[in-house]
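**Q** Supplied in structure tokens, the structure appears directly below.
The values are calculated or read from the model by the stated rules, or taken from the named source; none is laboratory data. If you're wondering where the values come from, they're calculated on a predicted model, not measured in any experiment. We place every Cβ from the backbone using ideal geometry, glycine too, and count neighbours over all the protein chains shown.
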Amino acid sequence: MAGGIFLVPFLTVVTHLSFESAAGVSLVSVVACSCAGSPATIVARLTNIRLAIVLGIASSSGALVGLLAVGMIPERVLYGLFAAVLAVSAVQMVSPRRARPVPPGRTDRAAALRLHSSFPGPDGTAIPYRVASPGTGSVAIFGAGVLSTLLGIGSGVLKIPAMDTVLRLPLKVSSATANLMIGITAAGAAAAVVIGGTVDLDFAAPAVVGSVAGSILGARVLVWAKPVHLRIVFTGALALLTIPMALTAAGTIGSGAQ
């Protein structure tokens, strides 16, 4: 999960930066975060690169749609949408997971695309996993790409729950693969906002430095952390971030400069 999910609320609520400016700063920091954290998880064999490429196409397409819609949706609506997505994602993360076997006679698209893979367990033994519903997952990731650009986040907070609940991936694999994908998704949008001059460099520079440092540390923690602990931390972060976003959407907290 990239820092955009934390950076946008901080910049808008604490520094009173406009949502558009905060989103631009966040997109730039998200690209830096992805570039810094991905090498460690790729070396650790947690990242499903083939899946990242397949879903990256859907995510980038969604980001393009979101870029075209920037400025067309009121800020409060975006905050409300943000809060709703966070709340739903938190519930999904703690909901029981049920196996979804491929029905007899139906083509296993994930197998055809060679998306099934494995990741190393605590003792180094390969733990195999299967990718479920790649078609439905692509639709969900497309939506995440749209929202990521509108909200100025890397959409890891959206992609990870989608990959966890729809694709049925192990949480470590979801996190590592999503971190690679967010850089792909945010790169084009970040370039657009930089060229458009909507990025405040006074905020962007320290945000990038902090994102790089945090991402490198986070990638190392991800390698050895227990999945149950990751799920608790991630769900807690989603739940806590829902509150200020919902209050801002309701007008209780100011949404920044207009």
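**Q** So is GLY37 crowded, with 21+ Cβ neighbours inside 10 Å and out of contact with any Ser or Thr (no Cβ under 7 Å at 6 or more places or on another chain) or not?
**A** Spelling it out, it is not the case that GLY37 is crowded, with 21+ Cβ neighbours inside 10 Å and out of contact with any Ser or Thr (no Cβ under 7 Å at 6 or more places or on another chain).
**Q** Please report, ordered by residue number, the helices (runs of 4 or more DSSP H) entirely within segment 5-96 with at least 1 residues that are modelled with pLDDT under 85 and under 22 Å from ILE216 (Cα atoms).
**A** Per the criteria, 19-43.
**Q** Any idea which of SER148, SER174 is surrounded by 24 or more Cβ atoms within 10 Å (Cβ to Cβ), in a helix (DSSP H, G or I), of a type outside the set (Asp, Glu) and in contact with an Asp or Glu (Cβ under 6 Å, 6 or more places away or on another chain)?
**A** SER174
**Q** Turning to a different aspect of this structure: Between LEU55, LEU17, LEU27, LEU86, which is hydrophobic (A, V, I, L, M, F, W, C) and over 15 Å from the mean Cα position of the chain (by Cα)?
**A** LEU17
**Q** Within segment 65-86, count every residue that is surrounded by fewer than 16 Cβ atoms within 10 Å (Cβ to Cβ) and touching a residue at least 40 places away in the same chain (Cβ under 8 Å).
**A** Summing the residues that are surrounded by fewer than 16 Cβ atoms within 10 Å (Cβ to Cβ) and touching a residue at least 40 places away in the same chain (Cβ under 8 Å) in segment 65-86 gives 6.
**Q** Considering every residue within segment 183-201, establish whether at least one is part of a helix (DSSP H, G or I), closer than 23 Å to THR235 by Cβ, of a type in the set (Gly, Ala, Ser) and touching a Ser or Thr at 6+ places or on another chain (Cβ under 9 Å).
**A** No, segment 183-201 contains no residue that is part of a helix (DSSP H, G or I), closer than 23 Å to THR235 by Cβ, of a type in the set (Gly, Ala, Ser) and touching a Ser or Thr at 6+ places or on another chain (Cβ under 9 Å).
**Q** In addition: From the list LEU171, LEU150, LEU167, which residue is of a type outside the set (Gly, Ala, Ser), at pLDDT 85 or above and either more than 17 Å from LEU55 (Cβ to Cβ) or out of contact with any Ser or Thr (no Cβ under 8 Å at 6 or more places or on another chain) (or both)?
**A** LEU171
**Q** Continuing with the same structure: Inspect all residues belonging to segment 57-69 and state whether any of them is of a type in the set (Val, Ile, Thr) and touching a helix residue (DSSP H, G or I) at 6+ places or on another chain (Cβ under 6 Å).
**A** Looking for residues that are of a type in the set (Val, Ile, Thr) and touching a helix residue (DSSP H, G or I) at 6+ places or on another chain (Cβ under 6 Å), one finds at least one in segment 57-69, hence yes.
**Q** Now, a different point. Scan segment 185-218 for residues that are within 26 Å of MET93 (Cα to Cα) and crowded, with 20+ Cβ neighbours inside 10 Å and jot them down.
**A** Result: THR185, ALA186, SER211, SER215, GLY218.
**Q** So GLY236 passes all but one of these: (1) touching a residue at least 12 places away in the same chain (Cβ under 8 Å); (2) assigned to a helix (DSSP H, G or I). Which condition number does it fail?
**A** Result: GLY236 passes all but (1).
**Q** Tally up the residues in segment 109-145 that are part of a loop (DSSP other than H, G, I, E, B) and more than 23 Å from PRO227 (Cα to Cα), please.
**A** Residues that pass the stated criteria total 2.
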